[in-house]
């Protein structure tokens, strides 16, 4: 029989201290970027009503949510997404037409993922939402902030893909087909299934001109200028024209940040277009097969909660980012160590504790223990120096060099405070 | 040049795929049909080919362990992997069908017992027909199920239909046509665009040539 008490469920994991430190460091870099752009940190509850996520035309399927039942029989879900709760929260501020709300978050998301045997069911996402600004400048800022996040983690080999949801929506208006067929066409374009897209368009009862546009949809990717050039001849109506113009404007903003070398365009990015209303972002790292960032403009979401406020944002999957960085050898795996272990016999405990306090006040990491346990500290690899406090002078042993010297308390403290050497990574 | 890893579905699809790649200038000198090796390097060392079980190709490609895959459409439909399905390679042609030993009237108010290796496809197909079914997942020799009375009908792939005939089954309906596909990891397609486009284009050119020859011969 399997003893479940020793196991953890599939898709979740313990975070050990060395990994935790790396993660904290990366999150703190990312948060620094968000703060520098004027975003303020918020947090929404870990669980909320199921209805909240059902109401919005969401990117999350029903069977992807972890459900709980509360004492009244209401269905709750573990936070399957954070943008929806933030939209709810933003609406609670009332009509903010003349205001802007800039939020950032770094929190865990829970999702049931049946398809892949080893994807995470709990992962950390860090991101920003810019609510109350419908201009291309806001979209450009979101994209620039995402790029700054990657750069802040010393990642240079990455790519941001820009899409525009309204371009395809405009195209759909020209084709008189039912929802099932749209879904199928969308799916084929999304999968760049060039051959089958052509097959479908041939069967559609539309003009040759429209057929040509459908056939070209999966090819509209790559260098921004090249795609804009190709797409301008494919515009069929005002909606498509506006969407293309908007995408060009967003690209223009990104150019003003001098980040255009990181950006490419794909007008076939249409998997979540029920939800996105404008520009769509996807972030990839070279040689890492999964997207690490995604986002876009979602002007309709906040209105679900009573106020029509435009919004745009993006989120970075921190766990995927770390995994990719490990592969790229960008992770400094040095874990933090203890500067001093002060070992005392019971008579001198008070003295040892007093010295420890002084050291800690100087910012050092100090552990104290009974002298009988010396062996433990000699063996441990994360201890730098061992200080023995007994009847005689202090005895200071540097484990790395093997040097040992004796001195008074004052001499020791002076030496520590004068030492320029950085003892440990804190 | 970017390094590219190709996953090929072990067996006939891999053989055909390697032949196509060879014609388009990507040669794997170590490869022979009899070889038991699972990893082959191209002449210039930039392309690596790995042999995996057909059902595992989408897994390798979707997770980015491999950039490109050669795999049957049946596997893609059953797995519904999130990847780019760039090319119809034209070989490995077959059909997904339903077959039974006797006349099957649909919508008869009783649940139909369906034996198959492709439970997702079977479910989708009968759902679209409004038919209530119970699925019996088998791992091979599906034709046996209706003969032995294990199921009323099967969902399976056929090439010629010979096996069906010999076992006293006839085709009830064709669900769809199938063939081998060239699939690409979504991120690789974006980060190694040039290299992958080059491979795709040269394979496409060869496919075009072969198609012309076929038309002429016919």
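A few notes on this one:
- Filtered by the rule that a residue be buried (at least 18 other Cβ atoms within 10 Å of the Cβ), touching a helix residue (DSSP H, G or I) at 6+ places or on another chain (Cβ under 9 Å) and closer than 30 Å to residue B:66 by Cα, region B:95-137 gives B:96, B:116, B:117, B:118, B:121.
- Qualifying residue in region A:209-232 (condition: outside any helix (DSSP H, G or I), away from chain B (no Cβ under 14 Å) and surrounded by fewer than 21 Cβ atoms within 10 Å (Cβ to Cβ)): no
- Annotation: residue B:59 fulfils all but one of (1) in contact (Cβ under 8 Å) with a residue 24 or more places away in the chain; (2) within 19 Å of residue B:7 (Cβ to Cβ); the unmet one is (1).
- Condition check for residue A:304: over 28 Å from residue A:99 (Cα atoms) and out of contact with any strand residue (DSSP E or B) (no Cβ under 9 Å at 6 or more places or on another chain): no
- Restricting attention to region B:39-56, the residues that are within 19 Å of the chain's Cα centre (by Cα) and either within 14 Å of chain A (Cβ to nearest Cβ) or surrounded by fewer than 17 Cβ atoms within 10 Å (Cβ to Cβ) (or both) total 3.
- Within region A:295-316, being in contact with a helix residue (DSSP H, G or I) (Cβ under 9 Å, 6 or more places away or on another chain) and either part of a loop (DSSP other than H, G, I, E, B) or surrounded by fewer than 24 Cβ atoms within 10 Å (Cβ to Cβ) (or both) holds for A:298, A:301, A:303, A:304, A:305, A:306, A:307, A:308, A:309, A:310.
- Residue check for residue A:91: surrounded by 16 or more Cβ atoms within 10 Å (Cβ to Cβ), in contact with a strand residue (DSSP E or B) (Cβ under 9 Å, 6 or more places away or on another chain) and either in the same structural domain as residue A:45 (by TED's automatic domain parsing) or in contact (Cβ under 8 Å) with a residue 12 or more places away in the chain (or both): no
- Out of B:143, B:212, B:159, sole residue that is away from chain A (no Cβ under 14 Å) and out of contact with any strand residue (DSSP E or B) (no Cβ under 7 Å at 6 or more places or on another chain): B:212
- Qualifying residue in region A:344-364 (condition: over 38 Å from the mean Cα position of the chain (by Cα) and in a strand (DSSP E or B)): yes
- Pairs are defined by a Cβ separation below 6 Å, a sequence spacing of at least 6 or placement on different chains, a first member in region A:206-220 that is outside the structural domain of residue A:195 (by TED's automatic domain parsing), and a second member that is at pLDDT 90 or above; no pair meets this definition.
- Hey, residue A:405 touching a residue at least 24 places away in the same chain (Cβ under 8 Å) and in contact with a strand residue (DSSP E or B) (Cβ under 7 Å, 6 or more places away or on another chain) or not: no
- Of the residues making up region A:389-396, not a single one is closer than 30 Å to residue A:153 by Cβ and not assigned by TED's automatic domain parsing to the domain that holds residue A:29.
- Meets criteria (out of contact with any strand residue (DSSP E or B) (no Cβ under 9 Å at 6 or more places or on another chain) and modelled with pLDDT of 90 or more) for residue B:13: no
- Some residue of region A:277-293 being more than 27 Å from the chain's Cα centre (by Cα) and surrounded by 20 or more Cβ atoms within 10 Å (Cβ to Cβ): no
- Scope region A:148-201; condition within 12 Å of another protein chain (Cβ to nearest Cβ), within 29 Å of the chain's Cα centre (by Cα) and either touching a residue at least 40 places away in the same chain (Cβ under 8 Å) or in a loop (DSSP other than H, G, I, E, B) (or both); matching residues: A:157, A:158, A:159, A:160, A:161, A:162, A:163, A:189, A:190, A:191, A:192
- Single match in A:299, A:242 (criterion: under 22 Å from residue A:145 (Cα atoms) and touching a residue at least 40 places away in the same chain (Cβ under 8 Å)): A:299
- Test: residue in region A:245-256 that is within 14 Å of chain B (Cβ to nearest Cβ) and within 23 Å of residue A:131 (Cβ to Cβ): no
- Checking A:263, A:318 one by one, the residue that is within 13 Å of chain B (Cβ to nearest Cβ), at pLDDT 95 or above and under 27 Å from residue A:153 (Cβ atoms) is A:263 and no other.
- Which numbered condition residue A:11 fails, given (1) at pLDDT 95 or above; (2) in contact with a strand residue (DSSP E or B) (Cβ under 8 Å, 6 or more places away or on another chain); (3) surrounded by 17 or more Cβ atoms within 10 Å (Cβ to Cβ): (1)
- Test: residue in region A:346-358 that is touching a helix residue (DSSP H, G or I) at 6+ places or on another chain (Cβ under 7 Å) and modelled with pLDDT of 90 or more: yes
- Looking across region B:62-105 at every residue that is under 15 Å from the mean Cα position of the chain (by Cα) and closer than 20 Å to residue B:151 by Cα, the one that is farthest from the other protein chains (Cβ to nearest Cβ) is identified as B:97.
- Among residues of region B:182-195 that are facing chain A (nearest Cβ under 7 Å), those with a Cβ under 8 angstrom from a residue that is in a helix (DSSP H, G or I), sequence gap 6+ or separate chain, pair up as B:185/B:61; B:185/B:62; B:188/B:196.
- Test result for residue A:289, free of Cβ contacts under 8 Å to residues at least 60 places away in the same chain and assigned by TED's automatic domain parsing to the domain that holds residue A:51: yes
The values are calculated or read from the model by the stated rules, or taken from the named source; none is laboratory data. Small disclaimer: the values here were computed from a predicted structure and weren't measured. Note that we place each Cβ from the backbone using ideal geometry, even for glycine, and neighbour counts take in every protein chain shown.
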